[in-house]
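Notes to accompany the following structure.
No value in this document is a laboratory result; all are computed from the given coordinates. The structure displayed is predicted, hence computed values, not measured ones. Note that each Cβ is placed from the backbone with ideal geometry, even for glycine, and that neighbours are counted across all protein chains shown.
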Amino acid sequence: MEPQRYRQLLAAAASEFAAHGFEQASLNAVIRACGMSKSSFYHYVGSKEALFDRVVEEAATELARDLNAPDPETLAGPDFWDRIEAFVAAALAAAKGKDWYADLGRIFYLPGLSAEQSAALQRVLAGVADWLGRVLAVGRACGAVRDDLPASLQAELVFAVLQAMDRWSLHHMRDFDDKALAELTRSQFAALRRLLSPNTP
């Protein structure tokens, strides 16, 4: 499939999955939106499950490239939190303006969908969890992150908090203008820093 048509297919599928969920998403609607024939679709993609995984893989790969997450080891030092905050600001700027990043976020929180149902979701979530765990390990080692909890428990707690913030923000994104959304992001970051700071009682 030519790259432009392939990207059109993925964007249409992301929008359909995000709006209607996996079970209710209509392949016919996706095919119509792309101007494809059913025979062409099934030749190139094969199934709804395969299309779903391709959407997750391609969007996540592009998002990771745009975010350019730093190697956790480079964050070590007294300016650990400043570097994290700079990355969060850059990530927010990189993610804005591409509708299918928001669609990807909504896909991650579809009701009734678990990572076990999608190999692509499993890989993406495992990659995020691994990077986050390494960041926390660096923060603990340089004294920027509290170490009074087992590392694995702390990582699970932070991952859950970040997912809750992300899910809420995606659901309420249209309630905020750009300035208010940036302020919300700063407030969320400050709350997370208070949670992890070794100086917090």
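Being among the acidic types (Asp, Glu) and either buried (at least 20 other Cβ atoms within 10 Å of the Cβ) or on the phi > 0 side of the Ramachandran plot (or both) is the filter here; which residues of segment 1-30 pass it? Outline the logic, then answer.
Kept after step one, since they are among the acidic types (Asp, Glu), are these residues of segment 1-30: 2, 16, 23.
Answer for segment 1-30, where residues must be among the acidic types (Asp, Glu) and either buried (at least 20 other Cβ atoms within 10 Å of the Cβ) or on the phi > 0 side of the Ramachandran plot (or both): just GLU16.
Only one of ARG146, ARG134 is in contact with a Ser or Thr (Cβ under 7 Å, 6 or more places away or on another chain) and either part of a loop (DSSP other than H, G, I, E, B) or more than 30 Å from PHE22 (Cβ to Cβ) (or both). Can you tell me which?
Working: ARG134 fails: in contact with a Ser or Thr (Cβ under 7 Å, 6 or more places away or on another chain).
Of the residues listed, the single one that is in contact with a Ser or Thr (Cβ under 7 Å, 6 or more places away or on another chain) and either part of a loop (DSSP other than H, G, I, E, B) or more than 30 Å from PHE22 (Cβ to Cβ) (or both) is ARG146.
When you scan segment 146-155, do you find a residue that is of a type in the set (Ser, Thr, Tyr) and within 15 Å of ALA102 (Cα to Cα), even just one? Can you show your working first?
Of all residues in segment 146-155, those of a type in the set (Ser, Thr, Tyr) come to 152.
Those still in the list that are within 15 Å of ALA102 (Cα to Cα) too: none.
No: segment 146-155 contains no residue that is of a type in the set (Ser, Thr, Tyr) and within 15 Å of ALA102 (Cα to Cα).
Given the criteria basic (Lys, Arg) and more than 29 Å from LEU51 (Cβ to Cβ), does ARG174 qualify? So that I can check it myself, show each step before the final result.
Numbers: basic (Lys, Arg): yes; more than 29 Å from LEU51 (Cβ to Cβ): no.
Against the criterion (basic (Lys, Arg) and more than 29 Å from LEU51 (Cβ to Cβ)), ARG174 does not qualify.
Can we say VAL135 is in contact with a helix residue (DSSP H, G or I) (Cβ under 6 Å, 6 or more places away or on another chain) and either surrounded by 15 or more Cβ atoms within 10 Å (Cβ to Cβ) or under 25 Å from ARG54 (Cβ atoms) (or both)? Before the answer, list the steps.
Numbers: in contact with a helix residue (DSSP H, G or I) (Cβ under 6 Å, 6 or more places away or on another chain): yes; either surrounded by 15 or more Cβ atoms within 10 Å (Cβ to Cβ) or under 25 Å from ARG54 (Cβ atoms) (or both): yes.
So VAL135 passes the test.
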